[in-house]
1. Using alpha carbons only, how many angstrom separate the centre of the stretch 112-126 from the centre of the stretch 298-332?
2. Would you mind putting 100-111, 362-373 in packing order, based on average other-beta-carbon counts within 10 Å, highest first?
3. Please report the spacing between the Cα centers of the stretch 18-44 and the stretch 361-427 in Å, no decimals.
4. Kindly provide the trypsin sites (Lys or Arg not before Pro) of the stretch 122-212 that DSSP labels as loop, not H, G, I, E or B, and whose Cβ sees at most 16 other Cβ atoms within 10 Å.
5. Tell me, what ³J(HN,Hα) does each residue in the stretch 3-20 have, in order and in whole Hz, if you take phi through Karplus 6.51 cos²θ - 1.76 cosθ + 1.60 with θ = phi - 60° and put x for Gly and Pro?
6. Setting aside same-chain residues fewer than 8 positions from Lys298, which lysines have a Cα under 30 Å from its Cα?
7. Which cross-chain or sequence-distant (5 or more) residues have an amide H under 5 Å from the amide H of Arg144, H modelled 1.01 Å from N in plane?
8. Roughly speaking, what is the stretch gain from Ala247 to Ser451, that is 0.36 nm per residue apart minus the C-alpha to C-alpha distance, in nm to one decimal?
Amino acid sequence: MEFAELIKTPRVDGVVLHRPFMPTVEGTLCLTGHHLILSSRQDTTEELWLLHANIDSTEKRFVGSLGTIIVKCKDLRVIQLDIPGMEECLNIASSIEALSTLDSVSLMYPFFYRPLFEVIEDGWQSFVPEESFKDLESMTDEWRLSEVNKDFSLCPSYPSLLTVPKDIDDESLCKAASFRHGGRFPVLSYYHKKNAMVMMRAAQPLTGTNGRRCKEDEKLINATLCAGKRGYIIDTRTIAVAQQAKARGGGFEQEANYPQWRRIHKAIERSNVLQDSLIKLVEACNDQSHSMDRWLSKLEASNWQSNVKEILTTACLAAQCIDREGASVLVHGTEGTDSTLQVTSLAQIILDPACRTIRGFEALIEREWLQAGHPFQQRCAQSAYSNGKPRSEAPVFLLFLDCVWQILRQFPCSFQFNENLLIMLFEHAYASQFGTFLGNCVAERGKLQLSQKTVSLWSWVNRPQELERFLNPLYEPNNLVIWPSVAPQSLLLWEGVFLRWNRSTKCLDEAYQEMVHIIEYNKELQNKVNSLRRQLAQLETEDKMVADLK
């Protein structure tokens with residue numbers, strides 16, 4: 001298919017662009033296969049380059065011969081294009097709609113993007129499983145890398161290499177996989193160096209109404225327990241939802257078959273409920289009625305903050321079991337690709353200071369989201385403005401980032417990165433020039449040959465000139481476990497995402513720059529103090545030598 005077939009009117013002059021907190025611009029609108037571009041002859045005006053993939057929906061309005069297109073983006077931005085001529089307006093709207101809803105992944109922009117920067121580090125090779133296993137090997141010899149899923153036939157959503165207990169052979173893993181939803185048998189997620197406890201993740205067991213059991217599955221998760229120790233199974237579903245799953249062939253671990261494990265049920269919402277929550281939240285944030293009661297009522301009705309609270313509470317529980325109870329943990333929900341990953345990754349941020357560095361956080365996302373099989377292509381196909389009926393869309397990753405922001409806000413000196421990194425990841429998960437978030441699992445990315453045909457997001461982020469804007473000037477390495485508060489009063493609305501297009505951040509930006517200036521000035525003064533101390537010590541030494549000579 002040629003993109004030209006979908007572009008009915010490639011160029012229109014005299015188009016007026018309205019954007020939040022920016023001056024109105026009149027210029028020429030051009031449509032390419034992947035971008036909507038508006039450029040003006042005014043030298044001081046910034047061009048608009050908008051990826052079609054970033055467009056969630058459009059609305060058309062007409063007053064006489066003047067047409068208006070409201071473009072609603074997946075990053076929650078809303079822009080307005082005033083187009084002279086009804087036919088031109090209709091053609092542009094039709095073309096945008098066609099270009100922003102392409103089904104074929106191989107037609108997306110990452111396959112056509114050629115970087116203008118030199119790729120110093122190949123991000124596709126930055127976080128391979130073999131490297132993280134080397135770190136584990138330096139701490140313990142009780143685990144091995146299994147190639148049981150090397151052709152992805154055992155579990156399509158798992159990577160080819162998996163970390164499993166050394167005493168469990170591949171034949172047992174195959175039997176355990178047949179007992180878990182989608183073949184997602186328990187694998188290592190995190191090893192806690194302090195006390196050798198572990199966190200594993202999986203999908204629900206297929207016990208069904210007959211109470212089916214699997215000796216190999218029982219042996220597999222018992223292999224993670226130390227002698228005389230108990231473990232916790234954290235099921236991210238309520239007991240009622242888990243009971244209902246039995247009728248569909250799923251279920252949960254029976255205490256009689258897993259006597260060394262205590263099962264705890266939590267109440268993290270399913271993905272289809274989360275999408276509705278995001279839509280309601282964004283609608284509340286865009287409400288221009290200026291009524292306090294209406295705003296608070298809509299915010300509460302969205303249940304977004306309740307979802308943040310429940311996810312954080314469950315992650316804190318997992319971290320507490322490991323660090324304070326000295327117990328190993330198995331986390332699962334239904335499929336093991338959504339709420340499970342939210343909990344395991346947030347628990348690691350709480351427990352492991354390495355995950356609070358830029359490099360460590362990137363490795364966490366690669367390991368616990370991309371390689372672990374979170375279906376980004378499905379979940380991020382639509383955002384809050386889409387008119388289409390939701391299929392598999394859900395803001396699971398955005399909720400995770402929101403939870404990270406909550407912890408970052410409570411511990412502003414414990415993270416090497418700032419809020420900008422989280423916002424950037426949200427934007428690129430929904431629409432990007434990079435191939436990192438394309439596909440739903442490692443197997444799909446391999447078939448698409450993303451590592452050969454596209455550029456990795458990490459290749460761009462990890463360039464020194466880019467890293468600078470993601471660095472937190474308040475950062476002081478903190479090797480302790482950090483325990484975030486999940487009290488309702490402690491959890492705030494993430495304004496940097498949900499209100500950034502609704503109100504100006506000029507004052508906040510100025511305050512941030514002033515803070516950076518003060519920190520830099522403080523460092524300069526500290527360096528001067530250290531220099532003067534060295535000079536003083538040297539003078540005192542010379543005086544002593546002179547006195548000794550006398």
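1. 36
2. 362-373, 100-111
3. One Cα centre to the other: 29 Å.
4. Within the stretch 122-212, the qualifying trypsin sites (Lys or Arg not before Pro) (loop, at most 16 other Cβ atoms within 10 Å) are Lys150, Lys166, Lys193, Lys194, Arg212.
5. For the stretch 3-20, the Karplus-derived couplings read 4, 4, 5, 8, 9, 6, 10, x, 8, 9, 8, x, 8, 9, 9, 10, 10, x Hz, x marking Gly and Pro.
6. Counting by Cα, and skipping residues close in sequence, Lys298 has these lysines nearby: Lys60, Lys72, Lys74, Lys266, Lys280, Lys309, Lys389, Lys506.
7. For Arg144, the qualifying residues are Val164, Lys166.
8. Using 0.36 nm per residue and subtracting the Cα-Cα distance, I get 69.3 nm.
The values are calculated or read from the model by the stated rules, or taken from the named source; none is laboratory data. Please read these numbers as outputs of a predicted model, since none were measured by experiment. Methodologically, a virtual Cβ is constructed for each residue, glycine included, from the backbone with ideal geometry; neighbour enumeration extends over all protein chains shown. The protein model used for the area step is the full one, side chains on, heavy atoms only, and it has no ligands, DNA or RNA in it. Shrake-Rupley method; radii C 1.70, N 1.55, O 1.52, S 1.80 Å.
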